[in-house]
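To start, the structure itself, in structure tokens.
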Amino acid sequence: MDDVIAIDGLAFRYPGAAEPTLKGVDLRIRRGDFTAVIGGNGSGKTTLCKAFNGLVPHFWSGEFEGRVDVDGIDTLDATVAALSHRVGYVYQDFGNQLVRPSVRDDVAFGPVNFGLADHRERSEAAMRLLGIDHLAKRYVWELSGGQQHLTALAGVLAMDPAVIVVDEPVAELDPARAEETYRMLKRVNEERGTTIVVIEHHAEFIARYARSVVLMSDGRVRWHLPVREALARRAELAVHGIPAPQIIAAAAELTPGAPVPLTVAEAAQCIRDAGLAPGPRPPQPEAPAPGPVIARLTGVTHGYKDVRGKVSTVLDAVDLAFREGERIALVGSNGAGKSTLLRLLTGLNVPRKGTVEVDGTDTRTVKPARLADRVCYLYQHPEQMFLNDSVRQEIAMFPEQRRRPDAAAVVDDVLERLRLTDFADRDGRTLSGGQQRRTTLGIGLAMAPALLLLDEPTASLDTATRNDVIAMLAALAERIRCVVVATHDMQLVAEWATRVLVLGEARVLADTTPAGLFDDAALCERVNLVPPQINVLGRELGIHPPPLSVAEFTAAFAPALAGGR
Amino acid sequence: MARRQRDVLSVEWVKLELLRTAYATRGGLFAGFDPRVVVGWYAVFAVAPWLTHNITVLAALFAVAAVAVALCRVGPLVLGLFAFGLVTETAYLFAVAWFFDGDLHTVAALVTLSLKLGVVALASMAAFVSLDPEKLSDALVSMKAPPLLSFGVSYGYRMLPIIMDEFHTIVDGHRLRSAPLERRGILAWRVPVHIGSTLVRSFYPMMLNTAKRTRTTVEALETRGFTFAGESAKGRDIRLAYLRLRMRDLALALVTVVLIAGAFIIGELAPVFARDF
């Protein structure tokens with residue numbers, strides 16, 4: 001067997017850490033494989049992958065035991081530079097991996113540093129393979145997230161390594177871009193025979209692209225199995241924070257014992273083969289009557305000047321009203337104006353034309369700091385909201401500076417409700433992703449706004465933390481009159497929202513409900529939305545309106561199951 | 001007063017202006033020349049003013065540098081800062097001279113220094129506004145600057161948009177979450193104090209957020225052979241292969257020499273010295 005990575009008894013402890021991060025790892029990865037490494041936060045996934053390219057133990061020196069062979073070389077004897085011809089690494093925060101000003105220069109950085117005479121051909125070939133050759137002259141900071149990710153990948157690919165490691169591509173990209181990255185990785189894997197290792201939380205991507213799965217937990221490899229076998233172990237995956245894809249969960253309920261489906265088509269076939277057909281869906285509950293208007297946009301036109309002096313129109317003559325009791329999801333591809341709309345509602349920007357009114361106040365007439373008594377805006381990256389030295393200070397900042405009478409009590413209550421009391425005196429920047437997100441929710445809650453705006457609240461969270469945040473958003477409803485979320489996360493839209501606004505082409509393309517959105521395939525296609533798999537499966541099997549959750553899906557089959565067996 | 005969208009004199013505008021300046025997006029006189037010659041041109045104008053006390057020579061050099069700035073399409077932000085500096089400096093000189101019982105002599109002596117600094121400032125604006133970071137770092141590498149310096153220059157440019165973004169976000173955070181001013185005070189003295197304290201308080205989070213991002217960068221540099229390139233000459237040769245001196249570069253050098261010589265000749269013919277007053 002030709003193993004490109006062979007690890008025996010690897011143990012590693014970071015200097016100063018009490019516990020070793022890796023404890024006796026044995027692993028073989030075959031040349032040309034497409035492997036997903038999964039496991040909860042802190043299970044040692046990233047450290048393991050950094051052992052492949054020698055960053056562990058050459059860059060991060062610590063206690064290292066065992067043997068790691070990569071492409072026939074013992075990493076302990078080789079330098080990081082020598083290993084970088086064999087292993088490429090694309091980081092989760094890939095933007096910081098780009099070190100040169102322009103795309104072409106950055107892609108060629110590795111080959112040029114190593115003095116490879118064919119550096120030009122290598123970088124051109126890498127850019128062509130990934131379909132970014134038209135971006136060669138652009139500056140890296142001009143690129144969108146997806147383009148930056150492909151640039152980082154091209155820089156790695158130009159070295160023509162035997163193994164490419166990609167750390168959580170979905171975390172910072174919207175699903176359509178992540179899909180693109182996976183398609184490119186598949187192409188690289190097939191055309192060049194490069195071994196691909198991805199660290200991934202999203203079982204849907206694993207099901208569709210990976211061939212084998214490594215489960216890490218507590219510094220050890222639990223198992224390394226072919227993808228179908230791995231995903232069949234649903235209970236074990238759920239324990240490690242990786243719920244199975246919706247279609248697998250649904251198939252397991254309807255056709256227990258059948259082989260695990262990896263795609264929607266397979267799942268549909270599997271259910272049809274079992275002779276199951278959906279019954280009519282129970283009538284949907286009536287939507288509650290809309291409450292009074294909290295915020296209103298009238299004829300709003302806005303845009304920005306770019307670095308070359310051109311004004312782009314992001315929103316063009318938009319009319320909207322946000323009402324009390326609504327949970328609104330703003331969706332649309334990157335650059336469709338979601339963040340612009342949120343910034344206009346905060347008063348940070350005022351529209352070039354038209355008016356924005358919040359709680360009856362024209363945003364032009366007051367400063368954003370005054371408007372903040374009624375509106376709260378939470379950024380996509382929690383770290384960017386941290387202005388103080390501790391979680392308690394962050395949450396107390398607003399009520400204390402405004403001398404709200406019950407400030408101290410409010411802060412304690414918020415810390416308690418969001419389970420932050422234990423971290424109250426720590427610096428927010430040192431917390432985990434989920435804790436940081438809870439802290440920003442706490443900041444919002446302590447401001448007690450009428451209108452709460454959130455930008456991508458579930459991005460870059462693992463599935464368990466994500467569900468936690470969705471539950472918390474639902475719990476906020478009793479305190480806050482209207483919540484608006486800008487998101488790419490269609491599962492969040494399906495499970496949480498009561499109203500969906502689809503932005504695109506500088507307009508509101510649709511103002512509908514989650515069910516209405518996912519029922520309109522043409523619209524989803526037009527704005528690059530990928531509906532949740534369970535919804536696609538439901539549509540495929542003729543359930544109308546298509547279900548928004550696994551529970552709704554299986555409920556539709558209840559009559560068939562009761563009568564059939 | 002109703003607020004409206006501002007395209008100039010806002011944080012966004014400062015950000016765009018700095019990017020335009022750093023990345024030479026406006027083109028300009030020196031964009032088409034070999035970067036080594038442009039750096040040389042700058043070096044000459046940075047040194048020449050210090051070799052003379054002759055106000056005529058300095059004025060001539062100042063005029064040449066000013067024309068170069070005009071041809072290089074320097075943006076309004078940098079130019080505005082320079083003009084602001086020049087005007088306040090002049091006002092300050094007269095005030096100081098008058099206060100300390102000085103005469104025209106004192107003013108002239110101080111004007112000499114201002115002119116020297118002005119020439120150097122104008123020349124650096126002209127040179128660096130037309131050089132994009134890649135060219136500048138390549139020029140430094142080819143002139144045998146230490147690799148860390150040349151890389152530092154190019155990475156500094158890379159960091160600029162990141163730092164600006166972090167700064168913008170944090171200032172917006174303060175605008176939203178800190179309490180607004182209740183009273184503006186006499187002559188609105190509280191306003192600058194408020195802005196100043198916000199800026200100071202933004203500094204630590206900004207640097208920390210930026211520093212956290214660089215951890216990945218440092219690892220990436222290691223795996224992408226940056227250290228290796230420091231020890232081997234091959235990469236350097238490949239990187240610099242495109243640098244070639246052409247006729248127009250020689251012409252630029254020649255014109256520079258003629259203009260500098262011209263300035264000194266005019267100074268010889270009609271000298272004005274500070275000590276002659």
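The values are calculated or read from the model by the stated rules, or taken from the named source; none is laboratory data. Note that the coordinates shown come from a computational prediction; the quantities given were computed from them, not determined experimentally. Cβ coordinates were reconstructed from backbone atoms using ideal geometry, including for glycine residues, and neighbour counts include every protein chain displayed. Side chains are part of the model used for accessible areas, which takes the heavy atoms of the whole protein and leaves out ligands, DNA and RNA. Shrake-Rupley method; radii C 1.70, N 1.55, O 1.52, S 1.80 Å.
Structure summary
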quantity: Members of segment B:205-221 found to be among the aliphatic types (A, V, I, L, M), within 7 Å of chain A (Cβ to nearest Cβ) and either under 26 Å from the mean Cα position of the chain (by Cα) or surrounded by fewer than 18 Cβ atoms within 10 Å (Cβ to Cβ) (or both), listed by number; calculated: B:208
quantity: All positions within segment B:141-178 that are facing chain A (nearest Cβ under 7 Å), open to solvent by 20 Å² or more (accessible area, probe 1.4 Å) and at pLDDT 85 or above; calculated: B:169, B:175
quantity: One residue from A:506, A:486 being under 20 Å from the mean Cα position of the chain (by Cα), of a type in the set (Gly, Ala, Ser) and under 24 Å from residue A:344 (Cβ atoms); calculated: A:486
quantity: Every residue from segment A:133-159 that is surrounded by fewer than 19 Cβ atoms within 10 Å (Cβ to Cβ), in contact (Cβ under 8 Å) with a residue 40 or more places away in the chain and part of a loop (DSSP other than H, G, I, E, B); calculated: A:143, A:144
quantity: Residue among B:131, B:86 that alone is of a type in the set (A, V, I, L, M), at pLDDT below 90 and not in a helix (DSSP H, G or I); calculated: B:131
quantity: Residue identified as open to solvent by less than 10 Å² (accessible area, probe 1.4 Å), hydrophobic (A, V, I, L, M, F, W, C) and either outside the structural domain of residue A:195 (by TED's automatic domain parsing) or not in a loop (DSSP other than H, G, I, E, B) (or both) among A:99, A:56; calculated: A:56
quantity: Filtered residues of segment A:342-356 (kept if among the aliphatic types (A, V, I, L, M) and either open to solvent by 40 Å² or more (accessible area, probe 1.4 Å) or facing another protein chain (nearest Cβ under 7 Å) (or both)); calculated: A:348, A:350
quantity: Where a residue in segment B:133-146 is small (Gly, Ala, Ser) and its partner, wherever it lies, is at pLDDT below 85 and open to solvent by less than 10 Å² (accessible area, probe 1.4 Å), with Cβ under 6 Å and at least six apart; calculated: B:137/B:150; B:137/B:154
quantity: Which listed residue, of A:181, A:79, is among the polar types (S, T, N, Q) and within 28 Å of residue B:148 (Cβ to Cβ); calculated: A:79
quantity: Among residues of segment A:315-335, those that are of a type outside the set (S, T, N, Q) and more than 24 Å from residue A:293 (Cα to Cα), counted; calculated: 1
quantity: Test: residue in segment A:325-340 that is surrounded by fewer than 16 Cβ atoms within 10 Å (Cβ to Cβ) and either aliphatic (A, V, I, L, M) or within 14 Å of chain B (Cβ to nearest Cβ) (or both); calculated: no
quantity: Extreme residue, nearest to the other protein chains (Cβ to nearest Cβ), among residues of segment A:79-98 that are aliphatic (A, V, I, L, M) and within 20 Å of residue A:197 (Cβ to Cβ); calculated: A:80
quantity: Any hit, segment B:184-207, residues being touching a residue at least 12 places away in the same chain (Cβ under 8 Å) and under 24 Å from residue A:113 (Cβ atoms); calculated: no
quantity: Which listed residue, of A:265, A:238, is open to solvent by 20 Å² or more (accessible area, probe 1.4 Å), outside the structural domain of residue A:29 (by TED's automatic domain parsing) and hydrophobic (A, V, I, L, M, F, W, C); calculated: A:265
quantity: Condition met for residue A:68 (under 20 Å from residue A:195 (Cα atoms) and either at pLDDT 90 or above or over 32 Å from the mean Cα position of the chain (by Cα) (or both)); calculated: yes
quantity: Residue in segment B:42-49 that is surrounded by 20 or more Cβ atoms within 10 Å (Cβ to Cβ) and within 14 Å of chain A (Cβ to nearest Cβ) present; calculated: no
quantity: Checking residue A:44 against (1) open to solvent by less than 50 Å² (accessible area, probe 1.4 Å); (2) at pLDDT 90 or above, the condition it does not meet; calculated: (2)
quantity: Restricting segment A:357-404 to residues that are open to solvent by 10 Å² or more (accessible area, probe 1.4 Å) and among the β-branched types (Val, Ile, Thr), the residue that is farthest from the other protein chains (Cβ to nearest Cβ); calculated: A:361
quantity: Among (1) open to solvent by 50 Å² or more (accessible area, probe 1.4 Å); (2) within 12 Å of residue A:115 (Cα to Cα) - the single one residue B:235 does not satisfy; calculated: (1)
quantity: Filter result for residue A:28 (charged (D, E, K, R) and open to solvent by 20 Å² or more (accessible area, probe 1.4 Å)); calculated: yes
quantity: Test: residue in segment A:99-118 that is away from every other protein chain (no Cβ under 11 Å) and not basic (Lys, Arg); calculated: yes
quantity: Residue in segment A:425-443 that is modelled with pLDDT under 85, out of contact with any Pro (no Cβ under 9 Å at 6 or more places or on another chain) and open to solvent by 30 Å² or more (accessible area, probe 1.4 Å) present; calculated: yes
quantity: One residue from B:16, B:9 being closer than 30 Å to residue A:366 by Cβ, in a helix (DSSP H, G or I) and free of Cβ contacts under 8 Å to residues at least 40 places away in the same chain; calculated: B:16
quantity: Tabulated pairs, segment A:113-127, first free of Cβ contacts under 8 Å to residues at least 60 places away in the same chain, second open to solvent by 10 Å² or more (accessible area, probe 1.4 Å) and hydroxyl-bearing (Ser, Thr, Tyr), C-beta under 6 angstrom, 6+ apart or interchain; calculated: A:115/B:232
quantity: Test: residue in segment B:240-254 that is of a type in the set (A, V, I, L, M), open to solvent by 60 Å² or more (accessible area, probe 1.4 Å) and touching a residue at least 60 places away in the same chain (Cβ under 8 Å); calculated: yes
quantity: Residues (in a loop (DSSP other than H, G, I, E, B) and of a type in the set (Gly, Ala, Ser)) located in segment A:421-434; calculated: A:424, A:432
quantity: Breaking point among (1) assigned to a loop (DSSP other than H, G, I, E, B); (2) in contact with a strand residue (DSSP E or B) (Cβ under 7 Å, 6 or more places away or on another chain); (3) within 14 Å of another protein chain (Cβ to nearest Cβ), for residue B:271; calculated: (3)
quantity: Residue in segment B:122-133 that is within 14 Å of chain A (Cβ to nearest Cβ) and open to solvent by 30 Å² or more (accessible area, probe 1.4 Å) present; calculated: yes
quantity: Leading residue by the ranking (nearest to the other protein chains (Cβ to nearest Cβ)) among those in segment A:119-132 that are of a type outside the set (A, V, I, L, M) and open to solvent by 10 Å² or more (accessible area, probe 1.4 Å); calculated: A:119
